[in-house]
Each structure stands twice: as structure tokens, then as C-alpha cells.
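The structure appears below as C-alpha cells.
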Amino acid sequence: MIGESAGMLAAGAAVVAAAELDSTLALQLMVSRPIVLGPLLGLGMGNALMGAFVGLIVELYSHDKIPIGGLIPANAAVSAGAGLLLALGPGAVGLPVAVPAGLFLGWLHERLVDSPLRRRRGRLAHSTAEALARGVDAPLGRMIAQELALQFVATWALLIAALVVLKPLGMRTWAVLSPTALGTGLWFAALAAPWFGMGMLAHSLRLNR
Amino acid sequence: MTARMRWRLFVRSFFIQALWSFENMQGLGFGFCMGPWLRERCGASPPETRRALARHCEYFNTQPYMAGLAIGMACALEERVSASAAEDRPALERKLRSLKSCAAGALAAIGDSFFWGAWRPFCTVLALAIGMTTVTCGAPPWTVAVAAAGGYVLVFNTPVLILRWRGVGLGYRWQDRFAAELGRFPWQKSVKAARLAGTGLAAGCALVGLFTIMTGAPGRGAAAAAALAAGWAARAYGLTSRRLYAAVWLIGTAAAVVGFRW
């Protein structure tokens, strides 16, 4: 039973890691957007409405973070996916803790996975330019496959590590916080988030930008 | 350009950012996209192919959905380079570099403002509206999830895929008339239309949501309306999402301490 549940979480983490590739590196068909990933992952894990709620919050809080130029925003796919994996399945953490923990993990992914891997690709660009100048072929297709695999594995490992650490920690924290004013504040933050997010979305749609 | 080649360039354009880096941006990805075309044009001379590939692995950055246009244009100009006499090639290669760089900037400006600044927020509101409608109709949760997520992906990707596919052909045809041809499209009108439609849909969703809450609990409805206005103000002030979330947590905690019941 425990093995089956752990397997479900590992598979969920793999789905999130695969969807995360869509956010910048490949395809960009927007299946990595929280409003898409959240409901579908929730559906797969047996709670579509929870998935839609977490996906909606993260989408509204991250919709205007645009990956242009050298800017790497907190990873929205990881935020939504991690929030949901924490809130569902065995050892589920309360939703008011899972959502901010997911937002934090999206930021951590940018620091620990995205930035180092992009620096690595910068070195790859140098070595490719040198190889082509020396008259040696550059296997760009193989390099792309390797980089996609590396990004997938790094994201998956981060999610698994976060689940192993944050699931028990989050459960204990929520058990302590929930009867207190801090717990009420966390509930308020989660339930009011869609409204704050709608205000932010309306701001980004204004015509005089 | 044959249909098979166009298809190969189209498929490869989905991976233009796969080797994205701070220094080179999409340079290596652009080189990857150009690979089949360069091998076909310079196939008889591997050193020439490598030289052409090196040209296209240099710094390049544009909006990924608009990249097809730049790829098509680069293909046409590479064709001219390979067909030209050896003494004319350096000047043509300089022209290619310069046009590619100009096209990247122009396409990024248009694509960022339309796809990231207007189309994506519009599709978010649309998915929200679809979700609210299916919930109101009493549809089961799985229908809500599939309808909202599927609606978002389908609507967002329709212009994206059309542009990615047609872009390769258009860029190839336009060549150095690129800027003039690009200026004929009503980009600014499209941006305004998407934002206007998004604002209308967002207002509708907010009003329906507020009305539903207010009929049950007027106090909660007022709090939701205040949160909506505060979200607008927070973004106008430039508050990040994490800070806003923390601020709302503190407000909720302070309210609970003074005895406010939600």
C-alpha cells in the first residue's frame, strides 16, 4: 500500500517534470501552465477540483512572469505541481501550507535547477562554436536530447527531495499552526488568493500598458 | 522549399529554446533548426555546411512562436549565399547576419506584446470562464478540469500553430522585404482586441463570483471585492507574488488575533 502510494507520488513528480520541459525548453504548447497542469494532475490523483483550485491560484499569481531575455521567473509548473503533490496522496499536507510551499519550491527550482543548467548550456555554446571553427561536427540533436533529459531528471529529483522533506514537516507544522491565528491567516491567504490574483490579472490586461 | 523540408523546419522550431543559455540565448537552437536546410544546400561540401552552421549558432533571441518567420527568411538568404559567386559571399553573409538580428528584435517586440502580454492573459480568463460555466451547469469535477484545461490549450495554440507553420513559408517568401511585409499585419489592433476581450471576460467572471458570494454572505462578498482591488493595487505597486501571499497571510493572522471570524 505504502509502495503503491509512493509510486503514485513518484509518477506524479515525473509528470510534473515532463510538463515543466514545455515551459521553456521544448514545444511551449502551454501544457505546463498551472491552469492546465493543475486540473489534469489533480484529476489523475483523484481530486480534480483541488487540482483546479491550486492551478488557478498559481496561474493567477504567475501569469505575468514572462521568460524573456535573461529573466527566469519562479517556475510556475513546479509551483503548481509541487503544491498539488504536497496536498494530495499519502501524508497529505493541508492546502493552506501546500500552496505557499509550492510557490517557494517554484522559486527554489529557478535557483537550483534552471540557473545552473543555463550556465552549463552557455559553456556548451562556447565549446560548440570552437568545435565548428576547428572543423569538427556539432551533434546539436544529441545535445538537445541530453539537456532535456538532464532538466527532467533535475526537476524530478528536486520534487522527490521536496516531497520527502516537506510532507512530514508540513504535516507537523500544519498540526501545530491550524488551531492558532497563524493557521487562520494561512487559510485566509489561500481562500482569498483567487480574488487577489484576479485583480492582478485585470491589471495586466489594461489597455494603456 | 519542399513540403517535407518545411515540415522538418516546423518540427525543429519547437526545440529552438532547448539549448537556451544566458550568453547565446536561442543561438544553438536556431542552428539546430537550420540543420536540415544547410545540409541540403551545402551537402556536397561539409566544411561549407559547418561554416554556415557556425553562422547560425551565434547569438540569437526572439519570441519562440515568431521564430518560424526568421527561420524561413534565413533559409532564403542562405540559398542566395550558396548560389552566389565566392567573391560575393562575404557581403551576403554580412547582410544575412544583419537582417537576422533586425528580424529577431522586431519579431520579439511583436510576439512578446501579443502572445505574452495579451493572448496568454486572455486565455487564462477564458479558462476561468469555462470552469465557472461548467461548475454553474452542475458538471462533474472531471468535466470542469478537462473543459478548462482543454479550452486553454486549444484556444491558445490555434494561432500559435498556424503562425509557426505558415511563418516558415512566409519568411522564406519575404526574404529582405521582411520588415515591410510584417508591418502590414494589424498587430497593435490584435493586442488591443485580445486585452479588451480579456478585460470584459474578467469583469464578467468577477461580477458573477461576487454576486454568488454576496447573496450568501454579504461580508465575505465585500472582502472579496476588497481583495480584487488590492490585487490590482499590489501589481501596480510592483509587489511580487510571494510577498503579496505573505502580506495576505499576515493580514489574515492579524484579523484572527483581533477576533475577526471569516
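Bear in mind that the values in this text are calculations on the coordinates, not laboratory data. Computed from a predicted model, the values in this text were never measured in an experiment. As a convention, Cβ positions derive from the backbone with ideal geometry for all residues, glycine included, and neighbour counts pool all protein chains shown.
Using a Förster distance of 41 Å, how high is the FRET efficiency between B:TYR237 and B:SER101, based on the Cβ-Cβ distance and rounded to 0.05?
For R0 = 41 Å, the calculated efficiency reads 0.70.
Using θ = phi - 60° and the Karplus form 6.51 cos²θ - 1.76 cosθ + 1.60, what ³J(HN,Hα) does each residue of the range A:104-111 get, whole Hz, x for Gly and Pro?
Here the 3J(HN,Hα) series is 5, 5, x, 5, 5, 4, 4, 6 Hz.
Working from Cα positions, state the angle (0 to 90°, nearest 10) between the long axis of helix A:115-133 and the longest principal axis of chain A.
With rounding to tens, the tilt is 10 degrees.
Largest first and in whole Å, what are the equivalent-ellipsoid semi-axes of the range B:41-171 based on the Cα gyration tensor, each being the root of 5 times an eigenvalue?
In descending order, the three semi-axes are 44, 14, 10 Å.
From the mean inverse distance of alpha carbon pairs (Kirkwood) and the Cα radius of gyration, derive Rg over Rh for chain B.
1.13
In what order do B:VAL168, B:VAL81 fall by count of nearby beta-carbon atoms within 10 Å, going from fewest to most?
If I rank by nearby Cβ atoms, fewest first, I get B:VAL81, B:VAL168.
Provide a whole-number value for the mean count of partner chain Cβ atoms within 10 Å of the Cβ atoms in peptide A:176-187.
4
Do you know the relative contact order of the range B:3-103, to the nearest whole percent, from alpha carbon pairs under 8 angstrom that are 6+ apart?
Relative contact order here is 25 percent.
Once a ≥ b ≥ c are taken as the square roots of the eigenvalues of the Cα gyration tensor of the range B:77-138, is the result rounded (a/c under 1.5), prolate (a/b larger than b/c) or oblate (a/b not larger than b/c)?
prolate
What are the aspartates and glutamates whose alpha-carbon lies under 16 Å from the alpha-carbon of B:LYS100, with same-chain residues fewer than 8 places away excluded?
Answer for B:LYS100, where 16 Å is the Cα cut-off: B:GLU58, B:GLU78, B:GLU79, B:ASP176, B:GLU181, listed by chain and number.
Measure nothing fancy, just the Cα-based angle from helix A:140-177's long axis to the longest principal axis of chain A, in degrees from 0 to 90, nearest 10.
20 degrees
Identify the residues of the range A:46-64 with backbone N under 15 Å of a label point that sits 7 angstrom from the Cα of A:SER5 along the Cα-to-Cβ direction, or state none.
Those under the cut-off are A:46.
Kindly provide the helix-only [θ] at 222 nm of chain A, computed as the sum of -39,500 (n - 2.57) over DSSP H runs of four or more divided by all residues, to the nearest 500 deg cm²/dmol?
Rounded to the nearest 500, it is -25000 deg cm²/dmol.
Within a 10 angstrom radius of the beta carbon, how do A:ARG134, B:ARG6, B:ARG89 rank from fewest other beta carbons to most?
A:ARG134, B:ARG89, B:ARG6
Summing +1 for each Lys or Arg and -1 for each Asp or Glu, what net charge is found among the other residues whose Cβ lies under 10 Å from the Cβ of A:VAL36?
-1
List the extent of the Cα atoms of the range B:3-103 along each of their three principal axes, largest first, rounded to whole Å.
34, 29, 21
Checking understanding here: applying a Kyte-Doolittle mean of at least -1.0 and a length along the axis of at least 30 Å (C-alpha), which whole DSSP H helices in chain B pass?
Helices passing the filter in chain B: B:89-111, B:141-174, B:187-216.
Once the other residues with Cβ under 15 Å from the Cβ of B:THR158 are scored (Lys, Arg +1; Asp, Glu -1), what is the net sum?
That sum, taken over residues with Cβ under 15 Å, equals +3.
For the range A:55-209, just say rounded, prolate or oblate: build the C-alpha gyration tensor, square-root its eigenvalues into a ≥ b ≥ c, call rounded for a/c under 1.5, and beyond that prolate if a/b exceeds b/c, oblate if not.
Since a/c reaches 1.5 but b/c is at least a/b, the shape of the range A:55-209 is classed as oblate.
log10 I(q)/I(0), Debye, Cα-only the protein assembly as shown, no solvent, q = 0.11 Å⁻¹?
The computed values of log10 I(q)/I(0) come out as -0.90.
Could you estimate the translational diffusion coefficient of the range B:218-262 from the Stokes-Einstein equation, with Rh from the Kirkwood formula over C-alpha pairs, at 25 °C and 0.890 mPa s, in whole µm²/s?
In µm²/s, the coefficient rounds to 216.
Classify the range A:124-209 from the C-alpha gyration tensor, please: rounded if a/c falls under 1.5, else prolate or oblate depending on whether a/b exceeds b/c.
oblate
Summing -39500 (n - 2.57) over the DSSP H runs of n ≥ 4 in chain B and dividing by its residue number, what mean residue ellipticity at 222 nm do you reach, to the nearest 500 deg cm²/dmol?
About -26000 deg cm²/dmol.
What order do you get for A:HIS203, A:HIS63 when you list them from fewest to most C-beta neighbours inside 10 Å?
A:HIS203, A:HIS63
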